[in-house]
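Taking it in order: structure first as C-alpha cells, then the write-up.
A short reminder: the numbers here are calculations on the coordinates, not readings from a lab. Owing to the predicted nature of the structure, the values given are computational and were not obtained by experimental measurement. When we count neighbours, we look across all protein chains shown, and the Cβ atoms used for this are built from the backbone with ideal geometry, even at glycine.
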Amino acid sequence: MILSGKRILLIIGGGIAAYKSLDLIRRLGERGASIRVVMTEAAQHFVTPLAVGALTADHVFTDLFDRQAEQDVGHIRLAREANLIVVAPATADLMAKLANGLANDLASAVLLATERPVLMAPAMNPKMWSHPATRRNRATLEKDGVRFVGPNKGEMAEKAEAGEGRMAEPLEIAAAVEALLDDRPKPLSGRRIVVTSGPTHEPIDPVRYIANRSSGKQGHAIAAALARLGADVRLVSGPVAIADPTGVTTIHVQTAREMNDAVESLLPADAAVFVAAVADWRPESEAGEKIKKADGDGPPQLSMIENPDILAGIGHHSRRPYLVVGFAAETQNLLANAAAKLEKKGADFVVANDVSAATGVMGGDRNRVKIVSKSGVDEWPELSKAEVAVRLAAFIAERLKTTAV
C-alpha cells in the first residue's frame, strides 16, 4: 500500500464538513497510514475529540498552551514528525492565517512551523469561497507550495444554498494524499495522454436531450491511474455526477462535437484512451423552445444526423498519437464487434466490455474486460473499475516504454 508506514497529521478546522473528517481518518487508516489529529477550538463544536481519538487510537491535540504536550515544544514536534499535513476542512480562517503568517493557535502554529507538504481541502459557503480575499489567500498559498483538493460544487449546509464550496469527499482526499506521497517509479513521466470519459448529451430542445447511462467511473479511474504513473493527463469529460480526478487537467464538455473539438485541440499526445460513451447520432436541429405535447398530434418526428466518430478521427489523424486505445461497450457479439472496431477505427487496442443490463457495468463499480488487438485477445478477470484502471495504466506504460519522450 502506498501509505503503509506514512505518518499523516490531520488538522480539522471548524466547519460543518468536520464530520467528514471521521470518515477520512478511516479511509487513510485503511490504506496503512498512521494518523495524528489537531483540532481547532471551532472544530470541537462539530465533532468531539473523544470521537476522533477513538478512531485514531491516539491523543487528540487541541491546545497550543497544553502544559503536558508543550513541555517539549509539542507543536514543533507535530510539525516535523509527519510526512504530510492535511487540513480538512480547510476553513477561510485557516487559509487566511497561513497565507498571512499568523500562528495564534495550535493548528496555525503547526502549519507555520512545518517544512512538510501541506494539502488543504477547503470547505465554506460559496460566497466565502468566491470572495476576493479568499481567492488572494489561495493564490498565495499555492505560490508557497500548498496543494489543494476541491472544493466541489453542490448543496450547502445552509438551506437553499448551492455552489462551489463543498469539501471534497474523503475518498477524493485519500486519493490526493496517495498521489502526494507516492514515491514509486513514474514510468509515464514526461508523457501527455488524452482520456475521454462519461456520456455526451445531444440536445433536442432546451429541456430534453439524447444520452446514455455512462457514469464516467471507468474513464475517470483510468485518468487518475495514468496520472499516478507520472503522465500529464488531459481528461475530456462529458456530463457526470462524479468529481474530477486528482492530479488531472479536466475539460468539461456536453456534446459529441464539443468533445471532438476538445480532443483535437489537445494533440499532439503520446497516447489517447477513448473511454467515453459518445452518442452516435444527434437531432439535426435543436428546437429553440420546449417542444409541447398537443392532444392528437402524436410524438414529434426527430430527424437524426451522425455525430463525429472521435476514435476513428484520431486513429487516422495526421497527428495521431503513438498509442490509440478504444473502448467497445457491447450487449452482444462482444469480440466480433470489438475486432471490427479495431480495424475500422485505426486503434492499436480495443478494451471490450459487456454492458448488458445483467452485468451492472453501466453505473456500477466493477467491470470485466477483454483487450483486443491484432495479435489476439487478452481476457482479464472481473475487477473493480479502479483495478481495471491500474492494470490498463501499467499496460499503456509498458507499450510506451520503448518510444522516445
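In table form, for the structure just shown:
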{"item": "Normalised contact order of the chain, rounded percent, pairs of Cα under 8 Å and 6 or more residues apart", "result": "11 percent"}
{"item": "Rounded Å value of the spacing that divides the Cα centres of the stretch 125-152 and the stretch 285-352", "result": "39 Å"}
{"item": "Ordering of 39-49, 101-111 by packing [mean C-beta count within 10 Å, highest first]", "result": "101-111, 39-49"}
{"item": "Proxy reagent accessibility, fewest Cβ within 10 Å first, across 114, 196", "result": "114, 196"}
{"item": "Highest to lowest packing among 163-172, 281-290, 295-304, scored as the average C-beta count within 10 Å", "result": "163-172, 281-290, 295-304"}
{"item": "Placed amide H near residue 249: partners under 5 Å, 5+ positions off or other chain", "result": "233, 235"}
{"item": "HN-Hα J in Hz across the stretch 387-394 - Karplus 6.51, -1.76, 1.60, θ = phi - 60°, x for Gly and Pro", "result": "5, 4, 4, 5, 5, 5, 4, 5"}
{"item": "Amide H contacts of residue 277 (H built 1.01 Å from N, under 5 Å, at least 5 apart or other chain)", "result": "198"}
{"item": "Beta bridges by DSSP in the chain, antiparallel share as percent, to the nearest 5", "result": "30 percent"}
{"item": "The stretch 7-181, relative contact order in percent, only Cα pairs under 8 angstrom and at least six apart counted", "result": "23 percent"}
{"item": "DSSP bridge orientation in the stretch 192-400 - percent antiparallel, rounded to nearest 5", "result": "40 percent"}
{"item": "Helix-only [θ]222 nm of the chain, DSSP H runs n ≥ 4, -39500 (n - 2.57) each, per residue, nearest 500", "result": "-9000 deg cm²/dmol"}
{"item": "Most positive-pole-ward Cα, 45, 132, 94, against dipole of the stretch 7-181 from beta carbon charges", "result": "132"}
{"item": "Relative contact order, percent, the stretch 187-338 [alpha-carbon distance under 8 Å, six or more residues apart]", "result": "27 percent"}
{"item": "Which label in (1) 20.4; (2) 19.4; (3) 24.1 gives the computed mean projected area of the Cα convex hull in nm²", "result": "(3)"}
{"item": "Charge sum, other residues only, whose C-beta stays under 13 Å from residue 306's C-beta, Lys/Arg counted +1 and Asp/Glu -1", "result": "-2"}
